[in-house]
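*Asks:* Quick one: the structure is below, and I'll ask about it shortly.
Values in this text are rule-based calculations from the coordinates and carry no lab data. Quick caveat, the model's predicted, so the values are computed rather than measured. For neighbour counting, all protein chains shown are included, and Cβ atoms are generated from backbone atoms with ideal geometry for every residue, glycine included.
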Amino acid sequence: MHKVLRCVVLMTLAVVVAAGTAVAQTPPLKGRSLPMFDVDRSWPKVPAKWKLGDESSMAIDAQDNVWVLHRPRTLKPEQASMAAPPVIVFDGAGNYIKAWGGDGQGYEWPQREHGIHIDSKGFVWIGGNNCPTNGLRGLKPVADDQLLKFTQDGKFVMQIGHSNQSKGNADTKNFHQPADEFVYAKTNELFVADGYGNHRIIVLDANTGAFKRMWGAFGNKPVDKLDCPPLTLNNGPEGEPEQFSIVHAVRVSSDGIVYVADRENRRVQTFTLEGKFIKQLERKSAPFARDLALSHDPDEQFLYVGGGTDLVVVNRKTLEILTTIETNIGGGHLMETDSKGNIYIAYIAATNRGLLKLTYKGTSSSK
């Protein structure tokens with residue numbers, strides 16, 4: 001039997017109204033300091049000439065600018081001519097800075113954009129999760145089995161893996177519809193939540209792309225599954241699955257703990273850098289582990305975990321649920337935090353409103 005940290009039941013919502021948007025937060029457990037947020041409804045300011053497709057992911061650079069990855073191909077045909085480039089950058093106030101991305105020479109741009117990450121050296125990493133048989137309009141029938149690395153000006157640097165070339169979970173050269181990526185600066189290693197087609201964490205050298213190691217749930221050897229499009233477990237899994245389902249997000253804390261969002265299995269698992277299982281947090285009663293972000297205080301006290309209708313605030317070290325925050329977009333799709341403690345959430349809504357900024361307002365505690 002694996003040791004499982006079960007979630008606690010939180011009662012009675014306290015409602016905070018911020019800029020006209022209701023954010024409901026459960027009261028803190030006694031003596032616990034908790035982050036507090038307001039919603040910035042004006043963020044971002046998308047240029048009027050452009051439309052955004054499904055907003056999939058966000059990344060934060062060293063200047064706290066916010067990089068949004070969206071899916072131009074999801075716009076309706078009548079809006080296609082107004083599609084913004086897939087990478088669009090805003091400052092913290094929501095002002096437009098620049099945009100780039102899409103097909104080009106020397107690399108295979110993903111058919112269905114999914115994850116974006118900016119590492120400590122300033123490089124931009126981008127992946128996709130297209131499945132050849134998903135039947136989505138306007139997409140080539142190929143699998144996104146690659147990750148791309150660019151400068152912040154959109155200059156191509158490196159491609160790891162190739163479109164439609166995955167040979168399964170044992171493949172050390174290709175991904176299979178990778179969902180998310182994170183470079184751990186202390187070891188210069190690229191951790192990939194791989195993801196939709198595969199069911200593993202795979203680690204590579206961030207400079208060369210050379211394979212280093214991989215693992216599945218509980219540190220097990222990942223096993224191939226033939227779900228394409230991937231299976232969605234609407235009611236959560238039965239029992240204790242020994243393998244990951246959709247590995248949807250990965251983060252590595254400054255002290256070297258790897259946090260993995262196993263979305264359809266509704267759990268967060270933690271590992272050492274080498275892939276040794278530490279413990280997990282489950283919440284099977286509702287959608288959970290859609291996305292992850294770490295708070296930016298010196299100790300990274302909090303792990304933010306996306307749920308179905310809420311954002312769950314977790315003690316990073318103990319994996320104890322401290323509070324939940326109800327928003328009009330739930331936990332979103334993928335999210336990131338900036339150095340000021342603000343949270344930026346992307347969720348799938350091709351309306352230019354699939355983006356949410358939660359402005360950090362300090363901490364509050366219950367005596």
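*Asks:* Compare PHE175, PHE244, PHE271 in a GNM of the chain, Cα atoms joined below 10 Å, and give the one with the largest fluctuation.
*Replies:* PHE271
*Asks:* Among HIS162, GLY53, ILE118, whose Cα projects farthest towards the positive end of the dipole of the chain, with charges put on the beta-carbon of Lys, Arg (+1) and Asp, Glu (-1)?
*Replies:* After comparing all options, I get GLY53.
*Asks:* Follow-up. For the chain, modelled as a GNM with alpha-carbon contacts under 10 angstrom, which of SER81, SER163, SER57 fluctuates the most?
*Replies:* SER81
*Asks:* What does the charge dipole of the stretch 44-297 about its Cα centre add up to, to the nearest 20 debye, if the Cβ of each Lys and Arg holds +1 and the Cβ of each Asp and Glu holds -1?
*Replies:* 300 debye
*Asks:* On to the next question. Say a site is exposed when it is one of the GluC sites (Glu not before Pro), sits in a DSSP loop, and has at most 13 other Cβ atoms within 10 Å; what is then the longest site-free stretch of the chain?
*Replies:* That gives 1-237 as the longest site-free run.
*Asks:* Let me check against my output: what whole-number percent is the relative contact order of the stretch 44-297, with C-alpha pairs under 8 Å and at least 6 apart?
*Replies:* Averaging sequence separation for qualifying contacts and normalising by length gives 11 percent for the stretch 44-297.
*Asks:* Can you give me the C-alpha center-to-center distance between the stretch 90-149 and the stretch 239-263, rounded to a whole angstrom?
*Replies:* The distance from the Cα centre of the stretch 90-149 to that of the stretch 239-263 comes to 22 Å.
*Asks:* Give the value in nm², to one decimal: projected area of the alpha carbon convex hull of the stretch 87-236, averaged over all directions.
*Replies:* Mean projected area of the Cα convex hull: 10.6 nm².
*Asks:* Quick one: which of LYS45/LYS167; LYS51/LYS212; LYS155/LYS357; LYS76/LYS173; LYS317/LYS340 span more than 31 angstrom between C-alpha atoms?
*Replies:* In this structure, LYS45/LYS167; LYS51/LYS212; LYS76/LYS173 lie more than 31 Å apart at Cα.
*Asks:* Per the Kirkwood definition applied to all pairs of different Cα atoms, how many angstroms is the hydrodynamic radius of the chain?
*Replies:* Values: mean 1/r = 0.0490 Å⁻¹.
Hydrodynamic radius (Kirkwood, Cα only) of the chain equals 20.4 Å.
*Asks:* What list of ³J(HN,Hα) couplings, whole Hz, do you get for the stretch 314-329 from phi and the Karplus terms 6.51, -1.76, 1.60, once you set θ to phi - 60° and write x for glycine and proline?
*Replies:* 10, 5, 4, 7, 9, 6, 8, 6, 9, 6, 10, 10, 8, 10, 6, 10
*Asks:* Give the residue from ALA185, PRO77, PHE302 lying farthest towards the positive end of the charge dipole for the chain; charges sit on Cβ (+1 for Lys and Arg, -1 for Asp and Glu) and the dipole is referred to the Cα centre.
*Replies:* Selected residue: PHE302.
*Asks:* Just to be sure I understand: with springs between alpha-carbon atoms less than 10 Å apart, which residue in ASP40, ASP145, ASP310 has the highest mean-square fluctuation in the Gaussian network model of the chain?
*Replies:* Judging by the Gaussian network model, the answer is ASP40.
*Asks:* Hey, another quick one. Within the set LYS98/LYS186; LYS149/LYS186; LYS121/LYS186; LYS121/LYS361, which residue pairs have Cα atoms separated by over 23 Å?
*Replies:* On the way: LYS98/LYS186 30 Å; LYS149/LYS186 19 Å; LYS121/LYS186 12 Å; LYS121/LYS361 29 Å.
Checking Cα-Cα distances, LYS98/LYS186; LYS121/LYS361 exceed 23 Å.
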